[in-house]
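Working notes, structure below.
The values are calculated or read from the model by the stated rules, or taken from the named source; none is laboratory data. Keep in mind the model is a prediction, meaning the values are calculated, not measured. For neighbour counting, all protein chains shown are included, and Cβ atoms are generated from backbone atoms with ideal geometry for every residue, glycine included. Accessible surface areas use protein heavy atoms only, side chains included; no ligands, DNA or RNA. Shrake-Rupley method; radii C 1.70, N 1.55, O 1.52, S 1.80 Å.
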Amino acid sequence: MHLIKHFRTITKHRHLVMRGCFRVGLYWQGLFHDLSKYSPSEFWQGAKYWQGTRSPNAGAREDVGYSTAWMHHKGRNKHHYEYWTDLNPETKQYEAVPMPTRYMVESVMDRIAACKTYHGSTYRDSDPLEYLLRAQETPLLHKTTYEQLKFLLTKLQKEGEKATFRYIRQVVLRGVPMEQWK
């Protein structure tokens, strides 16, 4: 059990997301980001599988084939695309639906913070985009949400955090349709 190390990791991550959310004006989401990670069902499993270089959920999946902490987490945190699935009344299949903009932006902050937390001093602004492209999330992620994440993480890679956060504040969160993003 790595109680203190896990606590420090999730707290560092949460504070990085909070800082990013505050910089773009998402104060409420910054304050309440990932509080479920401190709940017993998520915290104890995270402490058991803590490694410091990746999510403890990956360790749980390797050990028992699934992560109960992740199942608890994704159902309570709207910045995860897995939360945004619903039964399509026509096809009778569960399908992805587009994430509302504020949660998609929180997801951007979450991805940046996760890369900063796990990569430490080797973090680069290209890391969150590389993770998105490598993770092969597209079957479960709505096409529009994927394109929005890819656009903003590409902007981060090319122009840096300051310019990307300014763009999010001035364009994305002001409701400009994605077709007009440049």
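Within the stretch 72-94, being open to solvent by 40 Å² or more (accessible area, probe 1.4 Å), without any contact (Cβ under 8 Å) to a residue 24 or more places away in the chain and either more than 13 Å from K37 (Cα to Cα) or more than 15 Å from the chain's Cα centre (by Cα) (or both) holds for Y83, D86, L87, P89, E90, T91, K92, Q93, Y94. Looking only at residues in the stretch 4-13 that are within 17 Å of the chain's Cα centre (by Cα) and without any contact (Cβ under 8 Å) to a residue 40 or more places away in the chain, the one that is most open to solvent (accessible area, probe 1.4 Å) is T11. When you check L149 against the structure, is it part of a loop (DSSP other than H, G, I, E, B), closer than 23 Å to D34 by Cα and aliphatic (A, V, I, L, M), yes or no? Spelling it out, it is not the case that L149 is part of a loop (DSSP other than H, G, I, E, B), closer than 23 Å to D34 by Cα and aliphatic (A, V, I, L, M). Identify the single condition in (1) part of a helix (DSSP H, G or I); (2) surrounded by fewer than 19 Cβ atoms within 10 Å (Cβ to Cβ); (3) in contact (Cβ under 8 Å) with a residue 40 or more places away in the chain that L16 does not satisfy, given that it satisfies every other one. The single condition L16 does not satisfy is (2).
Only residues that are free of Cβ contacts under 8 Å to residues at least 24 places away in the same chain and open to solvent by 70 Å² or more (accessible area, probe 1.4 Å) were counted in the stretch 144-157, giving 1.
Run down R111, R102, R61 and say which single residue is surrounded by 13 or more Cβ atoms within 10 Å (Cβ to Cβ) and over 22 Å from Y146 (Cβ atoms). So the residue among R111, R102, R61 that is surrounded by 13 or more Cβ atoms within 10 Å (Cβ to Cβ) and over 22 Å from Y146 (Cβ atoms) is R61.
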